[in-house]
Amino acid sequence: MLSMADRACPLRVMVAHVHRGGEDKVPRIAQQRSARSSKYLRRDGRGSSREMEHMMTRNRRRKAEIHAHQAATGTAYLVARRQIIAFAEVMQQHPQLNSFGIGVFDAHRKTAEQRQTDLAAGREELAGGVAMVMETAAWLRENITPIKTPTASSYSVKHVMEQATGSYVTNGEFIAAALLAGYTFKYAQPNVLFGMSDRDLKRMN
């Protein structure tokens, strides 16, 4: 019959069952599960922590984004997943990046609260344009040679691309695409300067 202490700690019972020759041999999988569980225990010991709940919510949201991107573009799940993750990393690395560009429009005339509200709305809008961002990044890789010195303004080059493709792209979408494509860059708020071949850009005009 199990004692109250054993009921409170099932791992103790497991250890007792695998005890051999004075040496406790806990199965590795049990150790791993115990470690994972303890990481997310609340201080009061009652189940999953807010961190675990947040992680699960974020994972569900990420999967939904991947499926939506997959449906919109017709790409394979793993390709869509890789693109979504890469885009999310760019957004995280550039916290002021949004559909407008870097920062918000007419920022000096707005309160801190207004700037924060506009930034959040702009970032949400940009997050919804992942398909255009990927399309633009692919076009850039195919047509514009990277150079070391960032001198080409995102706002100017986006117009070059629009004329060449007939597709509209926001300044923020273009910036995100160029960052994904790996061009050297320098902030010139609200735009970004990129290291792009002037010869290629002139050829497009």
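A few notes on this one:
- Among the residues listed as Glu173, Glu135, the single one being modelled with pLDDT of 95 or more and within 23 Å of Ala72 (Cβ to Cβ): Glu173
- Test: residue in the range 165-176 that is free of Cβ contacts under 8 Å to residues at least 40 places away in the same chain, of a type in the set (Ser, Thr, Tyr) and either closer than 19 Å to Arg203 by Cα or in contact with a strand residue (DSSP E or B) (Cβ under 7 Å, 6 or more places away or on another chain) (or both): yes
- Pairs with Cβ under 9 Å, 6+ apart, first in the range 77-95 and within 20 Å of Leu119 (Cα to Cα), second acidic (Asp, Glu) and surrounded by 18 or more Cβ atoms within 10 Å (Cβ to Cβ): Ala88/Glu65
- In the set Ala121, Ala112, Ala152, only one residue is at pLDDT 95 or above, in contact with a Phe, Trp or Tyr (Cβ under 6 Å, 6 or more places away or on another chain) and aliphatic (A, V, I, L, M); that residue is Ala152.
- Here Gln83 meets each of (1) among the polar types (S, T, N, Q); (2) surrounded by fewer than 18 Cβ atoms within 10 Å (Cβ to Cβ); (3) within 20 Å of the chain's Cα centre (by Cα) with one exception, condition (2).
- Considering the conditions (1) under 17 Å from the mean Cα position of the chain (by Cα); (2) at pLDDT below 95, Ala178 is excluded by exactly one of them, (2).
The values are calculated or read from the model by the stated rules, or taken from the named source; none is laboratory data. It should be emphasised that the depicted structure is a prediction, and the values quoted were computed from it without experimental measurement. Counting neighbours? That spans all protein chains shown, and the Cβs are built from the backbone with ideal geometry, glycine included.
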